[in-house]
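What follows draws every value from the coordinates through simple rules; no lab data is involved. What you are looking at is a predicted structure, and each value in this text was computed from that prediction instead of being measured. Cβ placement follows ideal geometry from the backbone for every residue including glycine, while neighbour counts extend to all protein chains displayed.
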Amino acid sequence: MLQRTTPSRLGALSSKSNKSTEIASSVTKDHKVKERREDESQSLQILSRFHPLTLTNNEGFELKRVESEREECKHKKALSQAKTVQTGSTSPDWFQPVGTIPERERYRKGTLVEGTGGSIDPKCCSPTATTAATGHSPPPPAPPLAAAAAPNGEPPARCLSSPGSPASYSPQPPPPPPLSSPPALPQFPLPLAPPLSPSLPHSSPPPPPLLASASASQVASPIPKPAEAAGGAKPVPLLISLAAGLVVRFLVPRPAEVTPQAWQLLSIFLSTIAGLVLGPLPVGAWAFLGLTATVATRTLPFTAAFGAFTNEVIWLIVISFFFARGFVKTGLGDRVATYFVKWLGRSTLGLSYGLAISEAFISPAMPSTTARAGGVFLPIIKSLSLSSGSKPNDPSKKKLGSYLVQSQLQSSGNSSALFLTAAAQNLLCLKLAEEIGVKIGNPWITWFKVACLPAAVGLLVTPYLLYKIFPPEIKDTPDAPALAAEKLKNMGPVTRKEWVMIGTMLLAVSLWIFGETIGVSSVVAAMIGLSILLLLGVLNWEDCLNEKSAWDTLAWFAILVGLAGQLTSLGIVSWMSNCVAKVLQSFSLSWPAAFGVLQASYFFIHYLFASQTAHVGALYSAFLAMHLAAGVPALLSALALTYNSNLFGSLTHYSSGQSAVYYGASYVELPDVFKLGFTTAAVNAIIWGVVGAVWWKFLGLY
């Protein structure tokens, strides 16, 4: 703080520098005592009127303010130098530092908390600082941020802290008079930053204050809250879903061979399935309502209704989501895919093969098709497309992006069908088949042995098929390997967490393959793998809690599996399968013909579903029972339905999680999605029907 000098004193100060210093110090001391007494009754009110002035949880000012005030001090010295040229004064009479030396030193180091005084860096502003009396100084720099004007039109306020007293506020003084006239003696404490001179450059107005002052809070309009999304169920889908069950329960005659309990459970199950298709509520919420109805109506006891929550397969599916998060978090999946791009990416067709093969390579250890799409392959595809000038929502998207997106989507069905642990619905299908009575020995090896040839053919045909019917404009991508190599260089060597992820997945896959021989179940192998990732810090529990899709899947998967299991135990599934078998026999269909009709029906019904797992939970058990009633071999029926559950995931833009992810990239028009989805699905059905039939006959499945 300072007292401005009169013109007569200015002359004395210019001639006697030492004496002027003593006088200024005395005046400053008297003014500080007076100011301290005036501020003792004031409460601490710190208002952030310019950006560098901020608080950190009432623990003190941030270091940003110190840096800001250093700049302000430098600016004041420059102003004083400019003034010295006209007044002849060798002493900076604009201000004097406030606070004792220890307090200023603490403030300089950023350790001074609010209310303890000190405001200016002694290195920047010294009481004995002098300026040269000759020569012109360069234009002074602008202060970091100008003060914000008060809402009521008064001069803006600045925060002022004095030693031993709480921080207080003073209004900013008016701008100084022209330098040719003597400055007026101030009647109030000066702010930390001097007012801007009209002749000096200044910065643009600062952003709005971080905290509102008392005066501003009275006049400032409140910030409107964002409108909340309308909650609750959608009326029309809700009514239709409820009507489906009520009609069956009260209007359709109950067959004599079906018990009232089973018929009532069937009506609740049909309402649940209708809700999964129409979506009056999210899947998990609607499934929970169905579960509540079974308990509230005493159709099932509580223990039976919640019995599936202890199902091993469902927990294996949940843990698979955590494995997928580990791949994404460590960047291991991205690294593997980038290597394949580097090796095979010199042409567009080679690039698509590299991406498809890399997904098949990591799929057994990353059991989520959606996670592979959104966390690994779509970012790579977008990067390659943009580097080639192929932009979404633009005519240039057909240069490269459209083809790569569709090629990867259509190939993902074969990748997911190749391994048992490549997709969540695969594990669910095996559990449902076991409840029907179809037990698959050594499931991991059996699955791969049956699927390997048709899946391999599908992976080879699909990119080339789309290359012909949906060709990219860019045929060669000579820069792709170089971009991949540069990306790998930027990624650096394989990290410790990636090595842990590799070792854990090798252990888990080995136990999945050979666990039955040594007595380790698949879910125990997954639990061991997850425990290793948690212990070694690859994942933390927060990662697991944030994997909302895993917990949502646990809820509604368990509900659907539980309801389907109870329908089987109460005889509904066997009754429905016998009815369908009689209809098929009336047409004199052999089991191969019945097999084709049922498989096609199961496949194209998926146009009504927005989830592969929801489709499996709703219809897999019933269709498997129909196959068995029609005389189709059990193992062939169970596995063929499961392979179809992967292949129909690319029919539409809503048919699976990965379809929604790839469509959301905005590289493919909606009509192309439907056209290419149907065409590719038909070709894959032929591949699996012809190549698979020959291969399965060789393996002895029928």
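Taking the Cα centre of the stretch 414-476 as the origin and placing charges on Cβ (Lys, Arg +1; Asp, Glu -1), which of LEU460, SER416, GLY437 is farthest toward the positive end of the dipole?
Working it through, the farthest residue towards the positive pole turns out to be GLY437.
Do any chymotrypsin sites (Phe, Trp or Tyr not before Pro) in the stretch 549-608 lie in a DSSP loop with no more than 13 other beta carbon atoms within 10 Å, and if so, which?
Sparse-neighbourhood loop chymotrypsin sites (Phe, Trp or Tyr not before Pro): PHE587.
Figure the gain on full extension for PHE678 and PHE288 (residue separation times 0.36 nm, minus the Cα-Cα span) and round it to one decimal in nm.
That pair, PHE678 and PHE288, stretches by 137.0 nm at full extension.
Considering the options THR613, TYR663, SER645, tell which one lies farthest towards the positive end of the dipole of the stretch 309-699, charges being +1 on Lys and Arg and -1 on Asp and Glu at the Cβ, about the Cα centre.
TYR663
Report the label-to-label distance for ALA256 and SER569 in nanometres (one decimal), using points 7 Å from each Cα along the Cα→Cβ vector.
My value for the distance between the label points is 2.8 nm.
Which pairs, out of LYS342/LYS431; LYS487/LYS548; LYS382/LYS675; LYS497/LYS548, put more than 32 Å between their alpha-carbon atoms?
Result: LYS342/LYS431 exceed 32 Å.
Scan around SER347 for amide H atoms under 5 Å from its own, H built in the peptide plane at 1.01 Å from N, and keep only partners 5 or more places away or cross-chain.
Residues meeting the criterion, in which the H sits 1.01 Å from N, are THR477.
In Å, the Kirkwood hydrodynamic radius of the stretch 242-308 over pairs of distinct alpha carbons?
Here the Kirkwood hydrodynamic radius works out to 12.3 Å.
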